[in-house]
């Protein structure tokens, strides 16, 4: 390029020299002038070419820079992909054993679902601080989900107005069944706040017992503290070896001991009473014997009265008791 | 673990008998089945895990062997007794990783697990 340009310059210079010479000799020649013009045109062309050359060169440089930049970018991407892969490989994955299929019946599944629902689904309205307000994009497909045929067959505006009520009632009924569908509920309340039946927001939070309640998908600390492990720990702290120790059996044993003690007392009391009764009977018997002896004595004296009174022994006995008491006194 | 001094022998145990047939020895009035079911679910509580870590349980080889043994809860017929399934199974799985056992001593990680867990508990049924 430089050589080419140098040649053109030389040609212009030579043409100019010759022109000047001829002019100095006062002998201008048209041919020389034409040559000078041609040389000048050639130089201009050469300069234009140079300009293009320079532009192209700059462009090549820029492109080179760009490729270098893209290369580094690519390298970065590849290395980050490599790192990502390494990280992914390091993440522990759930190892699913090859024959991990277990048989179960629908009834068992439903039973299990019922049992765990208390711990896996928060009660209605409990959001743990997560904003569950539906985004416009999320609410749009809701009628589709509930009534796919209807909303697809009808125009959007129609389905919007027609399915509004059924959708909310559907969600409300499922709310009653224990599934918290907070987004639709809040949606309905916001749409009905204009009516007079809506509660002011500060009352709504006060009246809701679950307001600000949190839902934990694991046993809480108080549950752990009141559990079996804690009970065993308390036993250990009291110095009792929990192995083979059963508080209930212990309590039953204590109860049995108490019952045995009570029974023994009862028996002793019964024996005492029996002894007393025996003594009383003995006394009565002796009294009767004495009375009989007295009767015999009386018969020996005035038999008439005694013979008449003999059949009425009980009244006689009663009268005699008094006598006996008197005797004892 | 409240039952006695820990030894590595615990890993050699078979899973306890199911409650329908359980008639074995009792610990403080509870069967081994009851105690282990309660423990494995308590482990799902990040705060409890953090507490165990701070008491150096999670670095005790015997306890690690016990954690390995506790994995029988992830299989029938025991699986169906877990009433906090998601958190229990995941934590039990994580507890098999030494890195997790070491890092759960950080209150930040425990707090993060709690926040994430509570968020997931609300969000998992959002779309479905």
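Tabulated results
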| read-out | value |
| --- | --- |
| Filtered residues of region B:31-63 (kept if in a helix (DSSP H, G or I) and facing chain A (nearest Cβ under 8 Å)) | B:34, B:35, B:38, B:39, B:41, B:42, B:46, B:47, B:48 |
| In region B:66-85, residue surrounded by the fewest Cβ atoms within 10 Å (Cβ to Cβ) [restricted to those that are touching a residue at least 24 places away in the same chain (Cβ under 8 Å) and within 10 Å of chain A (Cβ to nearest Cβ)] | B:77 |
| Among (1) farther than 18 Å from residue A:3 by Cα; (2) touching a residue at least 12 places away in the same chain (Cβ under 8 Å), the one test that residue A:50 misses | (1) |
| Residue in region A:209-228 that is more than 14 Å from chain B (Cβ to nearest Cβ) and at pLDDT below 75 present | yes |
| Residue count, region B:86-101 (criterion: within 11 Å of the chain's Cα centre (by Cα) and surrounded by 18 or more Cβ atoms within 10 Å (Cβ to Cβ)) | 6 |
| Scan of region B:115-128 for residues that are within 8 Å of chain A (Cβ to nearest Cβ) and outside any loop (DSSP other than H, G, I, E, B), ordered by number | B:117, B:118, B:119, B:120, B:121, B:122, B:123 |
| Verdict on residue A:102 being closer than 30 Å to residue B:94 by Cα, free of Cβ contacts under 8 Å to residues at least 60 places away in the same chain and assigned to a helix (DSSP H, G or I) | no |
| Check on residue A:86, surrounded by 10 or more Cβ atoms within 10 Å (Cβ to Cβ) and modelled with pLDDT of 90 or more | no |
| Residue match in region B:102-110 (condition: more than 14 Å from the chain's Cα centre (by Cα), in contact (Cβ under 8 Å) with a residue 60 or more places away in the chain and farther than 22 Å from residue A:90 by Cα) | no |
| Count of region A:100-113 residues which are at pLDDT 70 or above and within 11 Å of another protein chain (Cβ to nearest Cβ) | 9 |
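The values are calculated or read from the model by the stated rules, or taken from the named source; none is laboratory data. These figures come from a predicted structure and were not determined experimentally. In this analysis, Cβ positions are derived from the backbone assuming ideal geometry, glycine residues included, and neighbour counts consider all displayed protein chains.
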